[in-house]
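Asks: Supplied in C-alpha cells, the structure appears directly below.
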Amino acid sequence: DGTRTLISENRDRYQGMIFDNDDKLRMAVRSAQNGDTELLTIGADGKATKIYDCTSFETCSPVGFHKDNKRVYIQTNKGSLDLIQLELLDVATGKTEKVESDPLAKVDLDGVSFSDVTKEMIATSYEDDRVRTYWKDKNYEKDYNRIKKSLGDREISFNSSTADETKFIVATFSDVDPGTVWLYDRKTGGLSTQYQVREKLDRKALAPMTAVRYKSSDGLEIPAYLTLPKGVSPKNLPVVIFPHGGPWARDSWGYNTYAQFWANRGYAVLSPNFRGSTGYGKKFLNAGNNEWGQKMQDDLTYGVKYLIDQGIADP
C-alpha cells in the first residue's frame, strides 16, 4: 500500500548498513576520522559497538551473514595479509576464522555469491587474467558448465532470479562480444536470448584481447591486456598505451570500446594494470603510493619497451 516505516536514521557517518537473514539491522560500516574502516555491531537499542577495523592502507568490509545468522562473512587483508581473503567474523565475540583465499595465491578475492533460498554459499571468484570461479554448489556448477558448453568461451554471470531460483537472467560477454542477455531455465536447461548489447555492431569485425605480462624498471611484473588489429601482421604497428583511471581501479578482459575503436583503425592497444591498480594485493596497490609520474609512469614506458622488443611496436 506504499506505507513506509523508518528503521534507522544515519547520524553516525555510516557508509553502509548490513541486515541479517531475518532482515534485521545488525551491522554498519564507518570511516573513522583518521581514515580507518570500522565494522560495527548494532544492538536492539540501536547502540553501535566496534568489533573490527582496518587501516586506510588495508581493506575490510562485510559480504553477508552466514546462514547461522550469528557470523558474518567479511573480505579483508588486515595486518600481515597481502591478498584480500574471505573470513567469518563472529558478531558477538569479534573472533575471526579464515574461509578461503586465492587457491593460486595470485589475486584478491573478487566476489562471493549466496542462495537467497538456502542461504548457502554458491561460489567464490577471483579475477586473474580471466575470472576464476570456485563452485561450492554442484548444481550451480552443472548449470554453469551447461551454459559454457552451449555458448563457448565467454564470461558468464548469474544475475536476478525468480524467488525459487529456478529461472535466472544470465549475462555473457567476451573480448569480441559486448554482451548478450539470456533467460535460463534451470529445470529444462533452456537458454533464450533476451537482447544483445550494441546489436548493430558486427562481432566478426572485433579484435581479440589477450593477457600479457612484462617487467617494469624495478623488476615488478605488470599484468596487461593487448588488443591487436585484425587482418594485418602484428609487426611494427603504431601503438596506443591506454591506462585506466582511478588509479585505484583495474582493466579486465572483455569488450573494450576504445581498444576496439583503435584496433579497427590499425593500432595495437596496450592496457596496463600499473602499480596502484586494484585486485593484485596490498603490496601491489600501495606500490603506487608516492610514485605518480615516477615508477608508475615506468610501468607504462616499459610496456612500450616490451612491445618494441616483441617486434609488435614500430619504435
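Asks: Using heavy-atom solvent-accessible surface (probe 1.4 Å) with all chains present, what is the largest-first order of F158, F65?
Replies: Of F158, F65, the descending order of accessible area is F158, F65.
Asks: Pairs of Cα atoms under 8 Å, at least six residues apart: use those to get the relative contact order of the stretch 23-160, whole percent. The partial results should precede the final answer.
Replies: Numbers: 237 pairs, mean separation 15.3, N = 138.
Contact order relative to length: 11 percent.
Asks: Checking the cross-link filter: which aspartates and glutamates have an alpha carbon closer than 15 Å to that of K67, excluding same-chain neighbours under 8 positions apart?
Replies: Filter leaves D20, D22, D23, E87, D90, D116, E120, D137.
Asks: For the stretch 90-210, give the magnitude of the charge dipole about the Cα centre (Cβ charges: +1 Lys/Arg, -1 Asp/Glu; no others), in debye to the nearest 20.
Replies: Working: 20 positive and 23 negative charges, 100 e Å.
Using only the charged Cβ atoms, the result is roughly 480 debye.
Asks: Find the relative contact order for the chain and round it to a whole percent, using C-alpha pairs within less than 8 Å whose residues are 6+ positions apart.
Replies: Computed over the chain, the figure is 10 percent.
Asks: Right, next: Assign unit charges at the C-beta atoms only (+1 for Lys and Arg, -1 for Asp and Glu), then state the dipole size of the chain relative to its Cα centre in Debye, rounded to the nearest 20.
Replies: So the magnitude is around 560 debye.
Asks: Per the 1.4 Å probe, what fraction of the accessible area of the stretch 211-315, in percent, lies on carbon and sulfur atoms?
Replies: Details: 2600 of 5030 Å².
The nonpolar share, carbon plus sulfur, comes to 52 percent.
Asks: Quick one: which residues, 5 or more positions from H66 or on another chain, have an amide H under 5 Å from its amide H? H modelled 1.01 Å from N in the peptide plane, none for Pro or chain starts.
Replies: R71, V72, Y73
Asks: Quick check for you: with a 1.4 Å probe and neighbouring chains kept, what is the accessible area per residue of the chain, in Å²? Let's see the in-between values first.
Replies: Working: 16900 Å² over 315 residues.
Accessible area per residue, the chain: 54 Å².
Asks: Cα to Cα, under 29 Å, and not fewer than 8 places away if on the same chain: which lysines meet these conditions relative to K230?
Replies: K148, K149, K200, K204, K215, K305
Asks: At a 1.4 Å probe, what is the % contribution of carbon and sulfur to the accessible area of the stretch 99-188? Could the numbers behind the result be given before it?
Replies: Values: 2230 of 4430 Å².
Whole-percent figure for carbon plus sulfur exposure: 50.
Asks: Sticking with this structure for a sec: Tell me the label-point distance for the pair N236, K70, using the 7 Å Cα-to-Cβ offset, in nm and rounded to one decimal.
Replies: 7.2
Asks: Taking every eigenvalue of the Cα gyration tensor of the chain, multiplying by 5 and rooting it, what semi-axes result, largest first, whole Å?
Replies: For the chain, the ellipsoid semi-axes come out as 38, 28, 17 Å.
Asks: For the stretch 45-69 and the stretch 113-141, what is the separation of their Cα centres, given in Å?
Replies: Each part's Cα centre sits 22 Å from the other's.
Asks: Given H placed on each backbone N at 1.01 Å, which residues far from G179 in sequence or on other chains put an amide H within less than 5 Å of it?
Replies: Placed amide hydrogens put S174, V197 under 5 Å from G179.
Asks: Further question: Divide by every residue of the chain the summed helix terms, -39500 (n - 2.57) for each DSSP H run of at least 4, and state the resulting mean residue ellipticity at 222 nm, rounded to the nearest 500 deg cm²/dmol.
Replies: On the way: 4 runs with 42 residues, N = 315.
Dividing the helical sum by the residues of the chain leaves -4000 deg cm²/dmol.
Asks: A further question follows. I'd like the Karplus ³J(HN,Hα) series for the stretch 91-105: coefficients 6.51, -1.76, 1.60, θ = phi - 60°, whole numbers in Hz, and an x wherever there's a Gly or Pro.
Replies: 5, 7, 10, x, 6, 10, 9, 6, 9, 6, 9, 3, x, 9, 6
Asks: Would you mind checking the tilt of helix 138-151 against the longest principal axis of the Cα atoms of the chain, expressed as 0 to 90 degrees and rounded to 10?
Replies: With rounding to tens, the tilt is 30 degrees.
Asks: Quick one: if the Förster radius is 25 Å, what FRET efficiency do E221 and K148 give, using the C-beta to C-beta distance and rounding to 0.05?
Replies: Working: r = 29 Å, r/R0 = 1.17.
Computed FRET efficiency for E221 and K148: 0.30.
Asks: Roughly what angle does helix 295-309 make with the longest principal axis of the chain, taking Cα atoms, 0 to 90 degrees, to the nearest 10?
Replies: Orientation of helix 295-309: about 40 degrees from the principal axis.
Asks: If I ignore ligands, DNA and RNA and count only protein heavy atoms, how much of R186 is accessible to a 1.4 Å probe, in Å² to the nearest 10?
Replies: Result for R186: roughly 50 Å² accessible.
Asks: Find how much the distance from N34 to E141 grows on full extension, using 0.36 nm per residue of separation minus their present alpha carbon separation; answer in nm with one decimal.
Replies: Going from the current span to full extension adds 34.2 nm.
Asks: Hey, can you grab everything whose amide H is under 5 Å from the amide H of D128? Only 5+ residues off in sequence or another chain; H modelled, so Pro and N-termini drop out.
Replies: For D128, no residues qualify.
Asks: Work out from phi, with θ = phi - 60° and the Karplus expression 6.51 cos²θ - 1.76 cosθ + 1.60, the ³J(HN,Hα) of each residue of the stretch 214-229, listed in order in whole Hz, and give x for Gly and Pro.
Replies: Taking θ as phi minus 60°, the curve returns 8, 8, 8, 4, 9, x, 5, 6, 10, x, 8, 10, 10, 10, 10, x Hz for the stretch 214-229.
The values are calculated or read from the model by the stated rules, or taken from the named source; none is laboratory data. Not measured: the values here are computed from a predicted model. Cβ coordinates were reconstructed from backbone atoms using ideal geometry, including for glycine residues, and neighbour counts include every protein chain displayed. These area figures cover heavy atoms from the full protein model, side chains too; ligands, DNA and RNA do not enter into them. Shrake-Rupley method; radii C 1.70, N 1.55, O 1.52, S 1.80 Å.
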